[in-house]
Amino acid sequence: MAKITYVEFNGTEHTVEVKPGLSVMEGAIRNNIPGIDADCGGACACATCHVFVDPAWTEKVGGPSAMEESMLDFADGVQPNSRLSCQIKVRDELDGLIVKTPENQH
Amino acid sequence: MSGTDGRVVIVGAGHAGGTAAAFLRQFGWTGEIVLIGDEPLIPYHRPPLSKAWLKGEADEESLALRPADFYGEQALALRLNEQVARIDTAAHAVILSHGERVAYDRLILATGARARPLAVPGVGLQNVFSLRSAADAEGIKRALGIGRRIAIIGGGYIGLEVAASARALGAEVTVIEREARLLARVASEPLSRFFEAYHRARGVRFELGAQVAALDGTGAVEAVHLSDGRALACDAALIGVGALPNEELAREAGLTCENGVVVDEAARTSDPHIYAIGDMSCRPIALYGRRHRLESVPNAIEQARQAASDLCGKPAPAPEVPWFWSDQYDLKLQIAGLAFDVDRLVLRGDLDEARFAVFHLDARNHVQAVEAVNAPAEFMAGRQLIQQRKQVAPEKLRDMSVSMKAVAAG
């Protein structure tokens, strides 16, 4: 299991254990963590699971695919450390990962 | 009941109902939440049924909206395999088919939609399917396979998604559509023609402008008879000719219905204690100054959020641009907006490369809708332009050398 901390826009932190193989989005949905909507269920079709990867983790997490990048370009408040959390697969090396959620996903 | 400590009963454990239950807890509802569903499964994603599920790439666990232990952890009482017979609005209770009364302080109706029946002889034969539930999808999956012939009646999204999955499984597919083109009610002409050509190139046969007269067979379906006298031999048939809202409970309870239960921008019905969300509701869409019934997952989630916010005393969420998606073969179709008051279409990109978008503009060059095929930037920018009601320059929009960022910036 990997420990992942989701930080809401208002600063509230939620730390949960997520099974490797699931996505960071699924970790949030399964634990009813606010701030990640995931309308499309992980099809990379909606950009409602936008997160900001903590700067200490961006290298380990890696960058977005071209498809994901095109979606992110038009997401609200996009930053260089923006990712769609449905596209980040949880692995053992991501134990301790911190992501922040934006003010809104639409 | 005061504040958030009453009992909320949700009728319908689909995407809308399941999401409403989760949002209520997320937004601070402290009282009981009872989720009543008529299927044996915990709330699940329906979109994969016509795709990953048919192809054997999904199972009950991956289909579930949330894992099974979620409901216990969140103190959500799940009542599966239960039919609600009626609503006693005076006594604030729903009555289950076996007579049990479940009292509510607030009620959320999320009963969804059902497949529109086809009024021709033979629809009761074996291997004649519609596709709404996991059970339906399981039946279709068993009927498909290499060399099996499936007749798909209705060239809408469900029909085309199943056609793509059936081809992937090696089945012989014929799609029969009453209109002269596919997706006639839900997509632009260029998009229809593109999808037709794409499916044809992958072995799907089409009968367009064709009326089904009857289904025929002994026990199981063996042929679809067309009104021009021809018979198409088949081993299975799928009827995908649209959906009807499950509004009978609401109607019998005296709620105002008009192509679905009429609700306001907070998903409230004409009864102050009852909300209605998802496919079964007819809701205002502020962006278009209209009321409309939407059949989509994003709509189910948006209305679940509206109802849960209202119940928990949270500010109303910002209105969203309606959107839809469909995956067929290697195509990702994303549609934003609704094609109301459209004056002209602007095509951006290349149909031959299967990477393009059709923008629907009104007479003043506002983007009303966008249909994007393998074109996520066009979809996202289009969604933003629809939301902002910004005028666009059509000549820039069709010029691929002008980036969507530049188009959106005006």
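Bear in mind that the values in this text are calculations on the coordinates, not laboratory data. The model shown is predicted, which means the values in this text are computed figures rather than measured ones. Backbone-built Cβ (ideal geometry, glycine too); neighbour counts: all protein chains shown.
A Cβ-based charge dipole, computed about the Cα centre of chain B with Lys and Arg at +1 and Asp and Glu at -1, lands at about 780 debye.
Taking a ≥ b ≥ c as the square roots of the eigenvalues of the Cα gyration tensor, chain B is oblate, since a/c reaches 1.5 or more and a/b is not larger than b/c. Each of B:Gly17, B:Met400, B:Leu361 was placed along the dipole of chain B (beta-carbon charges, centred on the mean Cα), and the one lying farthest toward the positive end is B:Met400. Residue by residue, region B:72-79 carries 3J(HN,Hα) couplings of x, 4, 8, 6, 10, 7, 9, 10 Hz when phi is fed to the Karplus relation 6.51 cos²θ - 1.76 cosθ + 1.60 (θ = phi - 60°); x denotes Gly or Pro. Within chain B, what's the longest stretch lacking GluC sites (Glu not before Pro) that sit in DSSP loops with no more than 13 other Cβ atoms inside 10 Å? The longest such stretch corresponds to B:101-257. Working note: Karplus 6.51/-1.76/1.60 with θ = phi - 60° gives region B:6-14 the couplings x, 9, 9, 10, 10, 9, x, 10, x Hz, where Gly and Pro are set to x. Once you've got the Cα coordinates, tell me which of B:Lys51/B:Lys332; A:Lys3/A:Lys89; A:Lys89/B:Lys141; A:Lys19/A:Lys89; A:Lys100/B:Lys332 are over 21 Å apart. Pairs exceeding the cut-off: A:Lys89/B:Lys141; A:Lys100/B:Lys332.
When the helices of the protein assembly as shown are scored as -39500 (n - 2.57) per DSSP H run of n ≥ 4 and the total is divided over every residue, the value at 222 nm lands at -6000 deg cm²/dmol. Cross-link reach is defined here as a Cα-Cα straight distance under 15 Å, omitting same-chain residues fewer than 8 places apart; for A:Lys60 the aspartates and glutamates meeting it are A:Asp92, A:Glu93, A:Asp95. Computed over region A:2-105, relative contact order equals 42 percent, with contacts defined as Cα pairs under 8 Å that lie 6+ residues apart. Given +1 at the Cβ of Lys and Arg, -1 at the Cβ of Asp and Glu and no other charges, the dipole of the protein assembly as shown around its Cα centre is 740 debye to the nearest 20.
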